[in-house]
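Inspection log for the structure reproduced underneath, given as structure tokens.
The values are calculated or read from the model by the stated rules, or taken from the named source; none is laboratory data. Since we're looking at a predicted model, the values are computed, not measured. Cβ sites come from the backbone with ideal geometry, for glycine too, and all protein chains shown count toward neighbours.
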Amino acid sequence: MRIASLKVFSAALVFAVLLAGCSESEEQVTQMPNPVHFESGDECHVCGMVITRFPGPKGEAITAREQAVHKFCSTRDMFSWALQPENAKRDHTLYVHDMAQTEWEHPDDTALINAREAFFVVGSERTGAMGPTLASFASEEAAKDFANEFGGDVVQFKDVTMQHLTQDMSHQNMEMGKEKSEHGGEH
């Protein structure tokens, strides 16, 4: 009987080692890729504009399967891409700048954070590439401080909708229309 017990123990030990090896490789597969720095010639995946020419937080998406990197000139463009039905269900890693750690005019890539864990200020007076953008922050407190200074509402990643993106644009268009009528048209 000792030999049978020894065989069962040996088989269980081999199975445990194999199982541990499988879970290690699974961890490696699910590990987030590192953010990729923005280079001077990089163009926005949505609008084609040169990303580094504009102020405000930028975004990037790294697709899980292909490890393709899509860079965006603003968080607004990143959300426009990420919220599209064909992308919303895909597995991809998203990064944005933590604007509490970098300056608005020229965000530093060392301040890139996981967008899914970030807090966003929607509807502030600060603009990025092509107008309104969503200011991104690692902490809710920093986002609230920004909103108190520049206006807007604080939302989490999961709560951002296409309506937030279009709401900002319609607000900007109304402001521009009001400005034109106050000044008697364009100059």
query: So is residue 16 at pLDDT below 95, surrounded by 10 or more Cβ atoms within 10 Å (Cβ to Cβ) and in a helix (DSSP H, G or I) or not?
result: yes
query: Out of the stretch 123-141, which residues are among the hydrophobic types (A, V, I, L, M, F, W, C) and in a loop (DSSP other than H, G, I, E, B)?
result: 129, 130, 134, 138
task: Evaluate the stretch 71-83: report whether one residue or more is in a strand (DSSP E or B), in contact (Cβ under 8 Å) with a residue 12 or more places away in the chain and within 14 Å of the chain's Cα centre (by Cα).
output: yes
field: In the stretch 29-72, the residues that are exposed (fewer than 12 other Cβ atoms within 10 Å of the Cβ) and of a type in the set (Ser, Thr, Tyr)
entry: 30, 40
message: Looking at the stretch 125-135, can you tell me whether even one residue there is touching an Asp or Glu at 6+ places or on another chain (Cβ under 6 Å) and more than 27 Å from residue 40 (Cα to Cα)?
response: no
- prompt: Which residues, counting only those in the stretch 142-162, are in a loop (DSSP other than H, G, I, E, B), more than 13 Å from residue 77 (Cα to Cα) and in contact with a strand residue (DSSP E or B) (Cβ under 7 Å, 6 or more places away or on another chain)?
  reply: 152
query: Taking the stretch 84-110, which residues are hydrophobic (A, V, I, L, M, F, W, C) and not in a helix (DSSP H, G or I)?
result: 94, 96, 99, 100, 104
